[in-house]
Amino acid sequence: MNRGFWRALLIWLAAMGCGVVLLLDTRFSADVSFFLPSKPTPEQQVMVDQLREGAVSRLLMLAIAGGTPEQRADASRALRAALAKDPSLETVQNGEAEALETVRDFMLDHRYQLSNAVTPERFSVEGLRDAVLQSVDMLSSSAGLLFKPFLARDPTGELIELVSGLNAGVQPNEREGVWASRDGERAMLIAQTRALGSDTDGQAAVIGLIRGTFDQIAAQDGMNGLSLQMSGPGLFAVRARATIQEEVARLSLMSTAILAVMLGFVYRRGRLMLLTLVPVLSGTLAAIVTVGVVHGTVFGITVGFGAALIGEAVDYAIYYFVQSGRQGATSWREQYWPTIRLGVMTSVLGFGALLFSGFPGLAQLGLYAISGVLAAALVTRYLLPDLAGPGVHLADGARQGRVLRPLVAHAHVLRWPLLALVLVAGVYLAQHREQLWKSDLSALSTVTQEEGELDAHLRADLGAPDARYMAVITAPDRESALQAAERAGAALRPLVDQGLIGGFDTPARFLPSEAAQAARRASLPTPEELEQRLRQALVDAPLSADRLQPFLDDVKAARNAPPLTRADLDGIGLGLAVDALLLQRPSGWSVLLPLRPPAASENAELPVDAVRAALAGTGALFIDLKGEFDTLYGEYIDEAIVLSLAGFIAITVVLGFVLRSPMRLLGVMLPLVMAVMVVVAGLHMAGVRLHLLHLVGLLLTVAVGSNYTLFFDRLAVGEPLDDETLLSIGVASFTTAVGFGVLAWSSVPVLHAIGITVGPGAVLALILSAAFAVRQRSA
């Protein structure tokens with residue numbers, strides 16, 4: 001062992017030790033930020049905030065099915081009572097009257113600060129007469145009976161208006177005193193977590209708590225046959241992470257087993273197989289740690305991608321053990337390493353373009369690939385030969401590789417059939433160029449159709465918002481933000497009255513601005529004036545003014561009440577509603593006003609132009625989150641295509657500089673271009689609409705395929721491909737096809753996309769490289 005080896009070994013051991021330490025502190029995530037922009041526009045920032053910490057992202061919808069209606073209602077009450085005590089949940093609602101009493105009492109006590117109807121006109125003689133008579137008329141209805149006990153305190157009906165505004169959207173059905181689904185077959189509950197939607201661990205803990213609590217309830221006597229259904233963004237994130245972990249483990253095991261059998265057949269030596277893992281493990285560790293250090297968080301999709309990269313990283317060790325058989329390590333470094341190094345360079349250039357993407361997921365994949373490939377190649381070059389020691393190589397590579405020679409020798413007969421195939425693919429792509437790409441971000445979603453349908457049913461049963469449309473306000477302080485929200489609300493109410501929108505939520509409903517509260521208090525007359533006006537207003541009315549002394553006392557108290565503050569909302573379930581819509585930022589405050597479509601709207605869409613016109617001049621920014629998603633994804637696609645083309649151009653320029661021959665450059669690049677064309681056309685013919693990860697797969701195809709074309713390029717300069725080299729190319733292409741190809745069986749869309757792209761792409765690149773290799777007569 002020379003000094004260089006020991007230096008390389010020590011550096012490698014130190015790097016691996018540091019890598020393991022850093023790996024233990026690396027944060028892994030499966031949240032939606034994989035798909036979110038790193039530098040969002042103001043509209044996209046709202047979308048990012050909602051997905052990470054918005055109220056909708058913390059919403060869990062629960063349904064209890066089976067049993068009798070009485071059993072479901074009892075289980076619903078027991079579940080709410082148990083969960084409401086847990087600090088990990090902000091609120092749990094199931095429609096029980098008792099659960100609303102706290103909120104009702106709060107509203108009753110602060111009704112003159114909260115109600116928009118409190119104006120000087122309302123407390124005039126005419127205003128009092130109209131309000132009291134309307135309240136008396138309402139007592140004859142079923143809803144009015146609920147407010148009859150409060151008539152003496154609230155004859156003007158402020159409480160009725162406030163309570164009716166708690167959920168102005170679709171109200172859940174009620175059965176046995178709790179919420180029920182539209183068909184009455186499920187008891188419904190809704191819960192909001194304290195953990196942010198982006199906190200997958202926190203969401204997982206809450207979901208486990210809910211399931212465990214329900215299991216205990218269902219195990220009690222009289223609760224037989226009950227089952228729990230659940231849906232919500234947090235559940236989707238938890239399931240996505242679990243699915244990715246399972247898929248990565250399963251597919252890694254599958255590909256490792258296949259590769260082990262293949263390498264065992266070729267190597268026939270356990271030591272070689274173990275040494276082959278050194279560059280692979282080094283590359284994988286380096287890739288994860290590098291991404292974790294640079295980005296702070298490693299996405300689960302990135303790790304899944306890394307499992308496939310085994311097929312690329314393992315190639316370098318195969319090249320060494322097979323190609324060095326007759327000539328030894330020194331000769332291998334001189335003859336073959338330059339070709340491998342050039343292949344590594346093309347991979348780095350191809351994936352390097354992704355580093356400039358504004359899509360964090362693509363940037364991570366690019367950095368992961370570059371780090372992994374570079375580390376694996378460097379370990380193979382500077383450590384593996386000395387670590388293996390002299391004579392540790394494939395002894396009968398020539399014999400095994402001789403089997404492949406006739407195939408390569410006659411590969412040129414495939415040129416015309418392959419050209420015909422490429423021509424058909426080119427014509428097809430030209431005809432369908434406008435339909436190749438899928439413009440919907442849902443293509444990357446891990447939510448299954450069954451899960452999506454359950455979510456839609458539960459959401460419809462509960463009338464839960466999907467928060468597609470929002471008005472957003474920014475202001476330097478909370479008071480200004482609430483005042484702006486009140487102005488925007490005033491502009492939107494006419495649209496509600498006209499039926500153009502179903503309604504909207506605003507934090508000012510439960511926390512009005514201090515200015516609005518002061519104006520409402522100023523609208524309240526003195527006790528003496530109020531009593532005088534009340535007696536005039538109720539002459540000949542069915543309700544005598546003498547019975548309304550509690551009303552006079554409440555108004556007097558309200559005139560002198562301090563302003564309502566955010567702290568007053570703690571402990572009554574309204575704090576979360578305000579906090580979800582009133583957000584403090586480093587630069588100020590933001591207010592969100594989610595807009596609901598009319599109940600009669602078939603497509604759940606709003607008249608966007610009318611809403612924008614109504615909000616004009618209020619300072620509110622109207623946002624269609626679905627539209628922003630579609631726009632964002634379209635920008636990702638366009639950006640990724642441009643970056644991929646830039647990477648392809650960089651590869652072409654570098655190869656042109658190194659090869660210094662247009663014909664050799666054409667011989668190297670043409671098979672790669674043809675492979676990409678055939679793969680894209682084949683996928684589209686099979687009904688696949690391409691998305692971002694297919695594009696990443698095409699980049700991988702070029703990166704992997706360039707190794708094959710560069711080896712076959714040796715024929716163009718009269719260097720023969722000996723049997724060991726043919727065997728190394730054959731084994732490497734097989735391991736690559738297996739490493740990536742197994743991903744085609746993944747249920748995770750992004751991994752599946754890479755699998756069905758790179759697997760056939762690598763095989764095609766090999767066949768095309770052999771068929772179109774430029775051969776000198778002397779070879």
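Compute the long axis of helix 527-537 from its Cα atoms, compare it with the longest principal axis of the Cα atoms of the chain, and write down the angle in degrees, 0 to 90, nearest 10.
80 degrees
How big is Rg to Rh over region 539-591, alpha-carbon atoms, Rh as the Kirkwood inverse-mean-distance radius? Each step should come with its number before you reach the end.
Values: Rg = 18.8 Å, Rh = 14.8 Å.
Looking at region 539-591, the ratio lands at 1.27.
Could you give me D for region 639-741, from Stokes-Einstein at 37 °C and 0.692 mPa s, where the hydrodynamic radius is the Kirkwood radius over C-alpha pairs? Units µm² s⁻¹, please.
219 µm²/s
Using all alpha carbons of region 634-698, what is the percent of pairwise distances in each 5 Å bin, ordered from the shortest bin to the longest?
Percent of pairs per bin, in order: 4, 16, 20, 22, 17, 12, 7, 2, 0.
Measuring with a 1.4 Å probe in the full set of protein chains, what accessible area per residue, in whole Å², belongs to region 604-757?
That works out to 34 Å² for each residue.
For region 236-342, how big is Rg over Rh, using alpha carbon atoms and the Kirkwood form of Rh?
1.06
Each residue of region 211-220 in order: what ³J(HN,Hα) in whole Hz does its phi give by Karplus 6.51 cos²θ - 1.76 cosθ + 1.60, θ = phi - 60°, with x for Gly and Pro?
5, x, 5, 5, 4, 5, 5, 5, 7, 6
When the accessible area of the chain is split by element with a 1.4 Å probe, what percent falls to carbon and sulfur?
60 percent
As I understand it, the value is the acute angle between the Cα axis of helix 514-523 and the longest principal axis of the Cα atoms of the chain; what does it come to in degrees, rounded to 10?
On a 0 to 90 degree scale, this one is about 20.
From the Cα trace of region 707-778, what convex hull volume per residue do you get, rounded to a whole Å³?
Working: hull volume 4.8 nm³, N = 72.
That works out to 66 Å³ per residue.
Pop out the Kirkwood hydrodynamic radius of region 441-575 from its pairwise C-alpha distances, inverse of mean 1/r, in Å to one decimal.
When all Cα pairs of region 441-575 are included, the Kirkwood radius is 19.5 Å.
How large is the translational diffusion coefficient of region 361-415 in µm² per second when you combine the Kirkwood radius over alpha carbon pairs with Stokes-Einstein at 20 °C and 1.002 mPa s?
Values: Rh = 15.0 Å.
For the chosen part, D equals 143 µm²/s.
Calculated from DSSP H runs of 4 or more alone, at -39500 (n - 2.57) each and per residue, what is the 222 nm mean residue ellipticity of the chain, nearest 500? Please list the in-between numbers first.
Details: 31 runs with 482 residues, N = 779.
That comes out to -20500 deg cm²/dmol.
Based on the alpha carbons, how large is the Rg to Rh ratio for region 545-640 when Rh follows Kirkwood?
1.16
Rounded to the nearest whole Å³, what is the per residue volume of the convex hull around the Cα atoms of region 617-658?
Per-residue hull volume (Cα only) is 71 Å³.
Two decimals is fine: what is log10 I(q)/I(0) at q = 0.05 Å⁻¹ for the chain, from a Debye sum with one equal scatterer on every Cα and no solvent?
-0.38
To the nearest 20 Debye, how big is the dipole of region 328-428 about its Cα centre, given +1 on the beta carbon of each Lys and Arg and -1 on that of each Asp and Glu? If you can, show how the numbers build up before the last one.
Details: 7 positive and 3 negative charges, 54 e Å.
Dipole about the Cα centre, nearest 20: 260 debye.
Please report the Cα spread of region 312-369 along all three principal axes, rounded to whole Å, starting with the longest.
The Cα atoms of region 312-369 stretch 48, 17, 11 Å along the principal axes, largest first.
Once you treat every alpha carbon in region 400-515 as an equal point and sum by Debye, what is log10 I(q)/I(0) at q = 0.10, 0.12, 0.17, 0.24 Å⁻¹?
Values returned for q = 0.10, 0.12, 0.17, 0.24 Å⁻¹ are -0.67, -0.79, -1.03, -1.28.
Longest exposed-loop-site-free stretch of the chain, with trypsin sites (Lys or Arg not before Pro), DSSP loop and at most 10 other Cβ within 10 Å?
Value returned for the longest uninterrupted segment is 86-659.
If one takes the longest principal axis of the Cα atoms in the chain, at what angle in degrees, from 0 to 90 and to the nearest 10, does the Cα axis of helix 233-267 lie?
Rounded to the nearest ten degrees, it is 10.
The values are calculated or read from the model by the stated rules, or taken from the named source; none is laboratory data. Predicted model only: the values in this text are computed from it and were never measured. Because the Cβ atoms are built from the backbone with ideal geometry, glycine has one as well, and the counts that use them run over all protein chains shown. Areas reflect the complete protein model, heavy atoms only, side chains present, ligands, DNA and RNA absent. Shrake-Rupley method; radii C 1.70, N 1.55, O 1.52, S 1.80 Å.
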